[in-house]
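Report on the following structure.
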Amino acid sequence: MDRIVVPAKHIGLKPRRQGCPTKTRVIAISGASGAGKTSVIKKLAQQFDAPYLLFDSYVDNDTYPANMKRWFADGANVSLIHTPKFTLALKHLAETGRHRYIFIEEPFGRQRCVMDELIESVVLLDTPLELCLSRVVRRHTSAQSIDSLAAYLDKYEDYFRDIYCAVVEQVRSNSDLVMNDVQSLDITVNRVRNWLLSVDTKISI
């Protein structure tokens, strides 16, 4: 069942974030790899006729720390994950667009310092990790990249799973809506949509 989480520092309706114009709300969809973020974002963007940005489209060789295992051991500071082009693209959309919403795939919610002031609401898809892994495996096998799948599974057993757990826990503590049951894509999208509309109604009162 969905949980609406209101962190202590966000009791009551949150003010509009300074990085976004008052008529546009930046909605971050978060979750581990395989949680279903991209599918949910594309459906929401279609329903609201809104633009969207996908995190993976802006990843380059400098995005992640060179040694992720050591990064995790040192505390998993997600602000050390850099996507400057992603941030610039979001700022540009927020400043020049005339949309009700901008949907973004941001696995780390508002936990990265650079994104905190740009994001207004975070929806966490708290999908069970075994289902996430199944989807990632299916993704690799459908692309016939067995070698890359083997490499991924080696890292998953070594430290990827621990990283996913730690990051999801960080995001969960500072999310506005946590969806922790397994439903179809359409049901999930409708729940997020209805929640967004209910929040908009409260803001307009």
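Below are the figures for this structure:
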| quantity | calculated |
| --- | --- |
| Average accessible surface area per residue within the chain, 1.4 Å rolling probe, Å² | 54 |
| Dipole of segment 99-141, positive end: most advanced residue of 131, 104, 114 [Cβ charges, Cα centre] | 131 |
| Lysine pair number, Cα distance threshold 19 Å (strictly under), the chain, separation 8 or more or different chains | 6 |
| Within the accessible area of the chain (1.4 Å probe), percent carbon and sulfur | 52 |
| Counting all C-alpha pairs of the chain, share separated by more than 25 Å (%) | 36 |
| All-pairs alpha carbon distance profile, segment 80-163, 10 Å steps from 0, percent | 14, 34, 30, 20, 2 |
| Rounded FRET efficiency, nearest 0.05, which uses the C-beta distance separating residue 49 from residue 130 and R0 of 25 Å | 0.10 |
| Translational diffusion of segment 34-144, µm² s⁻¹ [Kirkwood Rh, Cα pairs; Stokes-Einstein; 10 °C; 1.306 mPa s] | 102 |
| Residue-span extension gain [residue 77 to residue 92] - 0.36 nm each, minus C-alpha spacing | 2.8 nm |
| Assigned charges on the beta-carbon of Lys, Arg, Asp, Glu; the chain dipole about Cα centre (debye) | 760 |
| Radius 13 Å from Cβ of residue 57, net charge of other residues (Lys, Arg +1; Asp, Glu -1) | -1 |
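The values are calculated or read from the model by the stated rules, or taken from the named source; none is laboratory data. These figures come from a predicted structure and were not determined experimentally. Please note: Cβ atoms are built from the backbone with ideal geometry, for glycine as well, and neighbour counts cover all protein chains shown. When the accessible area is computed, the model is the full protein with side chains, heavy atoms only, and any ligands, DNA or RNA have been set aside. Shrake-Rupley method; radii C 1.70, N 1.55, O 1.52, S 1.80 Å.
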